[in-house]
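The next block holds one structure in the form of structure tokens; read it before the comments.
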Amino acid sequence: PSIREKVKAAYLRACERLKGKAIPRIAWGLRTNKEQADLYALGRTKPGKKVTWALPGSSYHNYGLAWDIVLLKDTNGDGTFDTASWETNVDFDGDGKADWMEVVEEFKLIGAEWGGDWPAKKVDRPHFQIGNLSISTLKSLKKIPGSEWYPMI
């Protein structure tokens, strides 16, 4: 819950910074191991482009500690935010700073790691993660029975 509140606060600050011309949207947060396996198969055993380097259980998404974003642009000026953008260099609000980077700054303020800072081969610009536990530590945690949630995080 404390991480959720931090992410929510950063999200709301990012929305304010973009002045209603665009908004960040959290496109994916918690991911089951099956969902992770399906994504990992893309570009490997299933047609498509590789979208993850992490096997099931090896992604912060599997523990509710990661999220992916997309920017939604209001193309008609009517508040519908109808166009998705993954462009990191566009300045929809005209303030001289790329909107994507304004969102990155807000999430970094809460201690999130940005996939755009990763080594070139594994750059993942939509991805953010937070927490100081290693994947091996996370794998050792026990889930709440009947749930995808871990009570100790």
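The values are calculated or read from the model by the stated rules, or taken from the named source; none is laboratory data. The model shown is predicted, which means the values in this text are computed figures rather than measured ones. Positions of Cβ are backbone-derived with ideal geometry, glycine not excepted, and every protein chain shown enters the neighbour counts. The area values use the complete protein model at the heavy-atom level, side chains included, leaving out ligands, DNA and RNA. Shrake-Rupley method; radii C 1.70, N 1.55, O 1.52, S 1.80 Å.
Miscellaneous remarks
- Residues Glu87, Glu35, Glu16, sorted by accessible area with the largest first, give Glu16, Glu87, Glu35 [1.4 Å probe; ligands and nucleic acids excluded].
- Scanning the chain for chymotrypsin sites (Phe, Trp or Tyr not before Pro) lying in DSSP loops with no more than 15 further Cβ atoms inside 10 Å, the longest uninterrupted stretch between such sites is 87-148.
- Judged by the ratio a/c of the largest to the smallest principal axis of the C-alpha gyration tensor, the stretch 43-88 counts as oblate, that ratio being 1.5 or greater while a/b is no larger than b/c.
- Straight-distance crosslink candidates among lysines, where the alpha carbon sits under 21 Å from Lys122 and sequence neighbours closer than 8 are dropped: Lys46, Lys49, Lys50, Lys108
- Rounded tilt (10° steps) of 2-17 against the dominant C-alpha axis of the chain: 20 degrees
- Normalising the average separation of contacting C-alpha pairs (under 8 angstrom, six or more residues apart) by the number of residues puts the relative contact order of the stretch 49-153 at 25 percent.
- Rolling a 1.4 Å probe over the protein heavy atoms of the chain, with every protein chain left in place, gives an accessible area that is 56 percent carbon and sulfur.
- Rounded to the nearest 20 debye, the dipole size of the stretch 14-121 about its Cα centre is 680 debye, using +1 on the Cβ of Lys and Arg and -1 on the Cβ of Asp and Glu.
- Heavy-atom accessible surface of the chain, averaged per residue, reaches 57 Å², computed with a 1.4 Å probe.
- Label corresponding to percent of Cα pairs over 24 Å apart when calculated from the structure given, among (1) 38; (2) 30; (3) 26: (1)
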